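What follows is calculated from the coordinates using simple rules that are stated; it is not laboratory data. Remember, predicted model here, so these are calculated numbers, not experimental data. Methodologically, a virtual Cβ is constructed for each residue, glycine included, from the backbone with ideal geometry; neighbour enumeration extends over all protein chains shown.
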Amino acid sequence: MSAHETVLLHEAVDSLITRTDGVYVDGTFGRGGHSEEILKRLDKKGRLLGVDKDPQAIATGEALAERDSRFQIVQGSFADTKAALADRGIERVDGLLLDLGVSSPQLDQSERGFSFMRDGPLDMRMNPQAGQSAAEWLAVAQAGEIAQVLKEFGEERYAKRLANAVVEERAEKPITTTLHLAKVIKDAHPAWEKGKNPATKTFQAIRIFINNELGDLEQFLAQSLDMLEVSGRLAIISFHSLEDRMVKRFIKRHVKGDDLPPGLPVTVDQLNRRLKNIGKAVKADATEVESNVRSRSAIMRVAEKIA
């Protein structure tokens, strides 16, 4: 099993921290890479809240909380961050960080069911103790629903064809393991990118659907401005175009301000601008990509609340 390497570690923390005595949120704690680095930058008055669905991440977070009283961990979705802060009497914070997608330990543990490279139960839940597994969903979903998920969340061109193949296969034998699903997709897929497993988009789509990843991100973004202090930072690392598009549009909308009819006599300060961009989108450099191939698709966007 490979060790987890935190993507854009220093770039993210450099962009996030504006006050060493501030309050921050790591909404995707994972194995604590970003959180550990954030805590190094904070003084004794600084505070950090970690959030994660994954029970294994929570165990790591609890160990960190025992070592460092400035840190707390809460199990749940980052979509519920505002409520978690309110429970702790915190109204606003100085920085919000998300590192979206699946961590290396989740991919590397075959029993989690995230990877088409290793055989294991077809689970894919960030929290295996809650909700419906991928296998349970695939056993009952209609072909049309499966196709819609593959198209919407995987941008899979052959979604309908692959969905029909899944339904035909499960009539013969239940699809309960990762390699079984990967083989069904491979056999049914008419064309795929060179060097890319034909099941890549299907696994991505089902994982996003099972974990409500885009719904969670939409809810988090909608609440982010309420959670941030003026001059607080929002830093989000995405790994595929669907997430990045949502983040980019959200930031752009609040950088631009109100969408008013052309020619309306208003001043700049009447546009209700809430954010400003901090630098350009950041990608992993060649050195990081060479040492951690999973960082090649990472893109980070950072914005600061101005009102």
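Listing for the model above:
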{"read-out": "Simple Cβ-charge dipole of the chain, Lys/Arg +1 and Asp/Glu -1, about Cα centre, in debye nearest 20", "value": "740 debye"}
{"read-out": "All-pairs alpha carbon distance profile, segment 1-90, 5 Å steps from 0, percent", "value": "3, 14, 26, 25, 22, 7, 1, 0"}
{"read-out": "Within the chain, helix-based [θ] at 222 nm, where runs of 4 or more DSSP H residues each add -39,500 (n - 2.57), nearest 500", "value": "-13000 deg cm²/dmol"}
{"read-out": "Centre separation in Å (Cα based) which lies between segment 5-22 and segment 150-208", "value": "37 Å"}
{"read-out": "Cα Rg, Dmax (largest Cα-Cα span) when computed across segment 53-181, Å", "value": "18.4, 55"}
{"read-out": "Cross-link pairs Lys248/Lys305; Lys53/Lys252; Lys44/Lys305; Lys201/Lys252; Lys252/Lys276 - those with Cα-Cα distance over 18 Å", "value": "Lys53/Lys252; Lys44/Lys305; Lys201/Lys252"}
{"read-out": "Packing-based order for 88-96, 122-130, using average beta carbon neighbours within 10 Å, highest first", "value": "122-130, 88-96"}
{"read-out": "Using a Förster distance of 25 Å, the FRET efficiency for Val289-Lys44 (Cβ separation, nearest 0.05)", "value": "0.10"}
{"read-out": "Normalised contact order of the chain, rounded percent, pairs of Cα under 8 Å and 6 or more residues apart", "value": "18 percent"}
{"read-out": "Relative contact order [Cα under 8 Å, 6+ residues apart], segment 1-45, whole percent", "value": "49 percent"}
{"read-out": "Two-site FRET efficiency, Ala86 against Glu155, from Cβ-Cβ distance with R₀ of 41 Å, rounded to 0.05", "value": "0.70"}
{"read-out": "In sequence order, calculated HN-Hα J values of segment 72-83 (Karplus, 6.51, -1.76, 1.60; Hz; x Gly/Pro)", "value": "10, 10, 9, 8, x, 7, 5, 5, 9, 4, 4, 5"}
{"read-out": "Debye-sum result for segment 127-210 in log10 I(q)/I(0), which assumes one identical scatterer on each alpha carbon, at q = 0.15, 0.16, 0.19, 0.24 Å⁻¹", "value": "-0.47, -0.54, -0.77, -1.25"}
{"read-out": "Of every Cα-Cα pair in segment 172-307, the percent that sits beyond 17 Å", "value": "71 percent"}
{"read-out": "Segment 127-210, relative contact order [Cα under 8 Å, separation at least 6], %", "value": "37 percent"}
{"read-out": "The chain: mean projected area of Cα convex hull, nm²", "value": "17.9 nm²"}
